[in-house]
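Scroll down for the structure; my scribbles are underneath it.
The values are calculated or read from the model by the stated rules, or taken from the named source; none is laboratory data. Predicted model only: the values in this text are computed from it and were never measured. No Cβ is skipped: glycine too gets one built from the backbone with ideal geometry, and neighbour counts run over all protein chains shown. Only protein heavy atoms, including side chains, enter the accessible area calculation; ligands, DNA and RNA are left aside. Shrake-Rupley method; radii C 1.70, N 1.55, O 1.52, S 1.80 Å.
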Amino acid sequence: MTPRPGSGQGRPAVFLDRDGTMIEDVGYLDALDRVAYYPWTVDAIRLLNRAGFAVVVVTNQAGIARGFFSEAFVQETHRLIDARLAAGGARVDAYYYCPHHPRGKVSEFARACDCRKPGPGMIDRAVRDHDLDPARSFVVGDTWLDVGLARAVGARGILVRTGAGAAWEARTPPDLAADAVVDNLAAATSWILESLKDEV
Ligand SMILES: [Mg+2]
Ligand SMILES: [Zn+2]
């Protein structure tokens, strides 16, 4: 494995996909009243906070490049999620989103990039910004883009069956086996906390 920035030092993190993992995947989420939380999301994130993980959201938002919504809307969505989490004593430490898509309509964002998952760009930035250690970190998401991202940065990858996850599970690319496939973010959190007990 090629050493990544910050590997071997820094804090462990759980990198969370947003749509289909923290909140329901409603297609291109373009209105705040379409944000629908899974009932376990707040509790799961609070447990990860208490276990000492940095909790970092990494989300592809190609709807920005496609002109469906603005960056400001994505940021507003994240403030709304933050308020809900705070009410339950939970916290996301940082949000990163990729606004790009190679076939986008908005010229500023219509390009290939290194941050669209499974590219490592968002995690590379998070590692630098927050002094994280990808080798002791986890990526949780509902598609193989998330598992591929885990591979790309040397973290463990967990596929959840919410969102598109159950469909993805049925057609796993042979080179992209997840470290675990579990029902949802609550089960992923249990798996992560259990895995810590195996470490000396
Ligand atoms: Mg997703
Ligand atoms: Zn990007």
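Selection of region 151-164 for residues being more than 10 Å from ligand 1 (Cβ to nearest atom) and in contact (Cβ under 8 Å) with a residue 60 or more places away in the chain yields Val153, Gly154, Ala155. Only one of the listed residues (Ile64, Ile123, Ile81) is within 16 Å of ligand 1 (Cβ to nearest atom), farther than 25 Å from Arg11 by Cβ and of a type in the set (A, V, I, L, M). That residue is Ile64.
Restricting region 160-174 to residues that are in a loop (DSSP other than H, G, I, E, B) and surrounded by 15 or more Cβ atoms within 10 Å (Cβ to Cβ), which is farthest from ligand 2 (Cβ to nearest atom)?
Filtering first and then ranking leaves Arg161.
The set of residues in region 68-119 being in contact with a Pro (Cβ under 8 Å, 6 or more places away or on another chain), more than 26 Å from Asp33 (Cβ to Cβ) and near ligand 2 (Cβ under 10 Å from one of its atoms) consists of Arg111, Ala112, Asp114. Please identify the pairs in which a residue from region 179-200 that is free of Cβ contacts under 8 Å to residues at least 40 places away in the same chain has its Cβ atom under 6 Å from the Cβ atom of a residue that is open to solvent by 30 Å² or more (accessible area, probe 1.4 Å) and not in a strand (DSSP E or B), counting only partners at least 6 apart or on another chain. Within 6 Å, the pairs are Ala180/Trp191; Val181/Glu169; Val182/Trp191; Asp183/Arg161. Of the residues Asp133, Asp146, only one is within 13 Å of ligand 1 (Cβ to nearest atom), charged (D, E, K, R) and under 16 Å from the mean Cα position of the chain (by Cα); which? Selected residue: Asp146, the only one of Asp133, Asp146 that is within 13 Å of ligand 1 (Cβ to nearest atom), charged (D, E, K, R) and under 16 Å from the mean Cα position of the chain (by Cα).
Counting only residues that are more than 9 Å from ligand 1 (Cβ to nearest atom) and open to solvent by less than 30 Å² (accessible area, probe 1.4 Å), which one in region 9-21 is farthest from Val58 (Cα to Cα)? My answer is Gly10. Quick check: is even one residue across region 44-58 open to solvent by 20 Å² or more (accessible area, probe 1.4 Å) and under 21 Å from Thr143 (Cα atoms)? Looking for residues that are open to solvent by 20 Å² or more (accessible area, probe 1.4 Å) and under 21 Å from Thr143 (Cα atoms), one finds none in region 44-58, hence no. Out of curiosity, is Arg111 out of contact with any Phe, Trp or Tyr (no Cβ under 7 Å at 6 or more places or on another chain) and crowded, with 18+ Cβ neighbours inside 10 Å? Spelling it out, it is not the case that Arg111 is out of contact with any Phe, Trp or Tyr (no Cβ under 7 Å at 6 or more places or on another chain) and crowded, with 18+ Cβ neighbours inside 10 Å.
Filter region 120-159 down to the residues that are buried (at least 24 other Cβ atoms within 10 Å of the Cβ), within 16 Å of ligand 2 (Cβ to nearest atom) and hydrophobic (A, V, I, L, M, F, W, C) and list them by number. Across region 120-159, the qualifying residues are Met122, Ile123, Ala126, Leu149, Val153.
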